[in-house]
Amino acid sequence: MSDTKQLFKPEDRGFDFGTAVAEAGRCLLCHDAPCSQGCPAGTDPGTFIRKLRLRNVTGAIRTVKENNILGGACGVLCPVARLCEKECAACGIDRPIRIGKLQRFLVEQSWRTDFRVFAGRPRPAGEKRVAVIGAGPAGLSCAAELAKLGIPVTVFEARPEAGGVLRYGVPEFRLPKAFLEGEIADVRSLGVEFRFGKRIPSRAAAEALLGKGFSAVFLGIGLWKASRLEGKPRDVAGLLSSVDFLAALRDGRKVAVGRAVKGRTVAVIGGGSVAIDCARCALRLGAQDVYLLYRRSYAQMPAEEDERQEALLEGVHFLLLNQPVGYLTDPRGGLRGVSLRRTRLGVKDASGRRRPEELTGSDWALEAQVAVEAIGNEPEDGLGLIRADARDCRTAKAGVFAGGDIVRGPDLVVRAVLDGKTAARSIARFLTRGRSPQKAAR
Amino acid sequence: MEKRPDLSVEFLGKTFINPFLLSSSPVSNSAKMLERAFEAGWSGVAYKTLVTGRIPIVHPSPRMHPYHYGETRLMGLQNVEQTTDRGLKPNLRDIAYLKKHWPDRVVMASIMGFANQEWADLARACEDAGADMLELNFSCPHMTVEGSGCKVGQEHELVEKFTATVRKVVSIPLVAKMTPNLADMSIPALAAKRGGADAISAINTVKGISEIGLDDWVPRPNVFGKGAISGYSGPAVKPIGLRFIAELASDPKLKLPLSGIGGIETWVDALEYLLAGAATVQVTTGVIHYGYRIVEDMIEGLSDYMAQKGVSRVADLIGKALPNLHDTGKFDVAKQGVAQYDLDRCVGCGQCYIVCRDAGGEALEWDAAKRRPRQIEDKCLSCMICGFVCPVAGLITFKKKPASWKRRPTVTLG
């Protein structure tokens, strides 16, 4: 599989010191920087870019990492064109400062120069310990923030390694493994404890931790069940969900998946970022043709503009205005193709996008040996979305907090980071109940 | 094709096809290199300084260091380069070669002696080789040989003596090259004139330290663990060079033609030197940064400027800024103005607000909702720093106020 390994190399090398300083040189150094207002997690690009500009590189790294423990991953994955960079005042002149790339550069620079922001910080030593369920973006952010507040924290993770969606849901060509490891090492350096392979089976079991040595619980368990097309068979050989497909590429099943895809025709169903990721992975695994099947048109796709462009340029065939209506199988139960029905766009639906209307008598079949359903993620069986207050991440149960996708539904990593920070501060207040968090930590 | 303005200029009885020369440095080190420079369009050269073979010249290694400013490379350049290390004879053969093959270009041989007799010997040898004129190097700031370079330039008796020595033995014109590492350049320039110099060139490099290593604490360039205060050049020194040229050009006792040097990269820089009183200009650091090709843009740019301004001769530009150069005491401070803002083009960065508040008259308020500055006009100091930081060219301009206008006094606390 050396060829697949090659194909999964990250495409964007990021800035080096010279290009980063040059880019920072373009920054207008705004008063009350609009970019900083545009970051959901409060990473504060206005400050870290100014620091970089003034040769305070270590300070710039500190700003990123203190504000956003996953600042590197956010720098890589954030749809900056509709967040910080959208607000950039330089847009009024020509083009925004490349804030995401600068943020990523600073985090990589910290690793390159071995400048560890949290080195030498005392380990959390408070009497009260917090349980964080899930080592994804929300859980890591909450755990890091708690540790910074001096509160001991244990992260329970069902899977063998940390990262959550960053590891098992984002392809390696977008977020290299070494990059993720660096970012998790920064969380560990704060003294956060991890227990892997430790699945907390239910919400009740999580809440029960309150009596077992934990004074508060944060639920950041994400959405790990793939939504599936209704009423369609699921036990077809060659038919996968996006969750299975992407996780397989990161957990050791890459060779087997590669064998199944190489030289074949792959149909990916869906129009979001996950569908685009699946399609691009299929291409990198050597698929002969990759079709992206979407029932609306290009403009209605939820995937980011740059992702759509990149997928098109790489050779993904966008098959728009087509609704999958069934799977064709061969006598041995293997996938042979996808039945499709053409659609046209009608009036707007509740999402504000024009509704696809099926055209009767337009059915046709696309030959494909592999199909990936990438139409959304939902809570795992037995769980619904958890209701929590957006201001403090409290749930109905005292001492239990929640954030990230399990509260919001599918959303951005940077908003999960925000929830983790919000919850940690709220937990600190809860633990002290009026006393300062620093005192509680002692 | 349209008629292009004639860029030729007379300097010490020679016709230069344009005012752009290479200065004495690594860019004028050999005939082989200079042939390419002449092909590119340079009108002449101050050939890399010659010395007698008495003391072997070895350059320190490394011999240069850049001063980058943010993303701008080579704002300045520091060097510990010595005079030529090629030996006298090969250089004299190269000078003869250039004069034979490039008769319309001017070769000015730069020389530096370490004693009277050496100055005389070098001068004669260069004249015999066919040099059109001599440049007397009284100004190198970092010679490793005692009794040479700018140590001479700072002692006006030596400048006069060495110039007179050379004057006695050759008939070709003499240009004395000055160091800027002194308070008043008129003193050595007048000494050179008394000794028989026909022109002055200025400036040689400014003594400086461009950078100090943060890990090894060695000033740069790091010559195997040692640094030195040495010659600093490039765009960063242009204001210093212009000052000295303007002062020499304004000196009623001097009245010698000038060759301007210091931070020239573009036709604009060159033109400023002409307007300040130089008849020719010399370039090194610009070539170290971009190569000989920059002369193409200097020629085209100056020629288009002259066509647009209706100026037919370079000579008509020389010293044209001098009538406008005054002591600050001559300013009419009764006339005042303010910064004015064309806010339709504002992008809302607020840098004007920050600097006005912290370094100006606190004359701006910030409308956070609209992200726009709001000027309190009678607090504006007209320092114009808001305009310096504004990213939109021409948004902030200076506006004259009527004589009746009064500025509010600065607030006093306590």
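The values are calculated or read from the model by the stated rules, or taken from the named source; none is laboratory data. Bear in mind that the values here come from a model prediction, so they are computed numbers and not experimental data. Here the Cβ is made from the backbone with ideal geometry for all residues, glycine too, and neighbour counts use every protein chain on show.
Summary table below
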| read-out | value |
| --- | --- |
| A:Gln109, sole failed condition from (1) touching a Gly at 6+ places or on another chain (Cβ under 9 Å); (2) modelled with pLDDT of 95 or more | (1) |
| Residue pairs meeting the criteria (Cβ under 7 Å; at least 6 apart or on separate chains; first under 19 Å from B:Thr179 (Cα atoms) and at pLDDT 95 or above, in region B:9-25; second in a strand (DSSP E or B) and of a type in the set (S, T, N, Q)) | B:Leu21/B:Thr280; B:Leu21/B:Gln282; B:Leu22/B:Gln282; B:Ser23/B:Gln282; B:Ser24/B:Thr49; B:Ser24/B:Ser110; B:Ser24/B:Asn137 |
| Any chance B:Ala393 is within 10 Å of chain A (Cβ to nearest Cβ), surrounded by fewer than 17 Cβ atoms within 10 Å (Cβ to Cβ) and within 17 Å of A:Cys88 (Cα to Cα) | no |
| Unique residue being touching a residue at least 60 places away in the same chain (Cβ under 8 Å) and within 21 Å of B:His326 (Cα to Cα) when the list is B:Ile229, B:Ile261, B:Ile209, B:Ile240 | B:Ile240 |
| Residues located in region A:405-415, provided they are surrounded by 24 or more Cβ atoms within 10 Å (Cβ to Cβ) and touching a Lys or Arg at 6+ places or on another chain (Cβ under 8 Å) | A:Val407 |
| B:Cys356 vs. criteria surrounded by 14 or more Cβ atoms within 10 Å (Cβ to Cβ), assigned to a helix (DSSP H, G or I) and within 14 Å of another protein chain (Cβ to nearest Cβ) | yes |
| Candidates A:Gly238, A:Gly252, filtered to the one that is surrounded by fewer than 24 Cβ atoms within 10 Å (Cβ to Cβ) and closer than 18 Å to A:Val170 by Cα | A:Gly252 |
| Options B:Ala31, B:Ala40; residue that is in the same structural domain as B:Val268 (by TED's automatic domain parsing) and closer than 17 Å to B:Ala96 by Cβ | B:Ala31 |
| Counted residues, region B:359-390 - those being away from chain A (no Cβ under 11 Å) and β-branched (Val, Ile, Thr) | 2 |
| Qualifying residue in region B:137-146 (condition: assigned by TED's automatic domain parsing to the domain that holds B:Ala37, of a type in the set (Phe, Trp, Tyr) and in contact with a Phe, Trp or Tyr (Cβ under 9 Å, 6 or more places away or on another chain)) | yes |
| Condition check for A:Arg62: outside any loop (DSSP other than H, G, I, E, B), over 17 Å from A:Ala138 (Cα atoms) and away from chain B (no Cβ under 14 Å) | yes |
| Hits in region A:124-147 - residues which are assigned to a helix (DSSP H, G or I) and either without any contact (Cβ under 8 Å) to a residue 60 or more places away in the chain or under 18 Å from the mean Cα position of the chain (by Cα) (or both) | A:Pro137, A:Ala138, A:Gly139, A:Leu140, A:Ser141, A:Cys142, A:Ala143, A:Ala144, A:Ala147 |
| Qualifying residue in region A:15-36 (condition: touching a residue at least 12 places away in the same chain (Cβ under 8 Å) and away from chain B (no Cβ under 14 Å)) | no |
| Whichever residue in region A:102-123 is of a type in the set (Lys, Arg) and outside any loop (DSSP other than H, G, I, E, B) and, among such residues, is farthest from A:Ser36 (Cα to Cα) | A:Arg112 |
| Given (1) in contact with a strand residue (DSSP E or B) (Cβ under 8 Å, 6 or more places away or on another chain); (2) hydroxyl-bearing (Ser, Thr, Tyr); (3) surrounded by fewer than 24 Cβ atoms within 10 Å (Cβ to Cβ); (4) closer than 26 Å to B:Asn137 by Cα, number of the condition B:Ser312 does not satisfy | (4) |
| Residue list for region A:154-209, restricted to those being touching a strand residue (DSSP E or B) at 6+ places or on another chain (Cβ under 9 Å), of a type in the set (Lys, Arg) and either within 19 Å of A:Ser242 (Cα to Cα) or in a helix (DSSP H, G or I) (or both) | A:Arg159, A:Arg188, A:Arg203 |
| Within region B:5-100, strands (runs of 3 or more DSSP E) holding 1 or more residues that are under 30 Å from A:Arg26 (Cβ atoms), of a type outside the set (Ser, Thr, Tyr) and more than 14 Å from chain A (Cβ to nearest Cβ) | B:64-69, B:72-79 |
| Residues within region A:399-411 that are touching a residue at least 12 places away in the same chain (Cβ under 8 Å) and in a loop (DSSP other than H, G, I, E, B), tallied | 5 |
| Tally, over region A:244-268, of residues that are within 23 Å of the chain's Cα centre (by Cα), at pLDDT below 90 and part of a helix (DSSP H, G or I) | 1 |
| Region A:72-117 - residue that is of a type in the set (D, E, K, R) and within 14 Å of chain B (Cβ to nearest Cβ) and, of those, farthest from the chain's Cα centre (by Cα) | A:Asp94 |
| Residues located in region B:359-401, provided they are under 32 Å from the mean Cα position of the chain (by Cα) and in a helix (DSSP H, G or I) | B:Ala359, B:Ile385, B:Cys386, B:Gly387, B:Phe388, B:Val389 |
| Answer residue from region B:329-353, given it is small (Gly, Ala, Ser) and within 13 Å of chain A (Cβ to nearest Cβ) and is surrounded by the most Cβ atoms within 10 Å (Cβ to Cβ) among those | B:Gly350 |
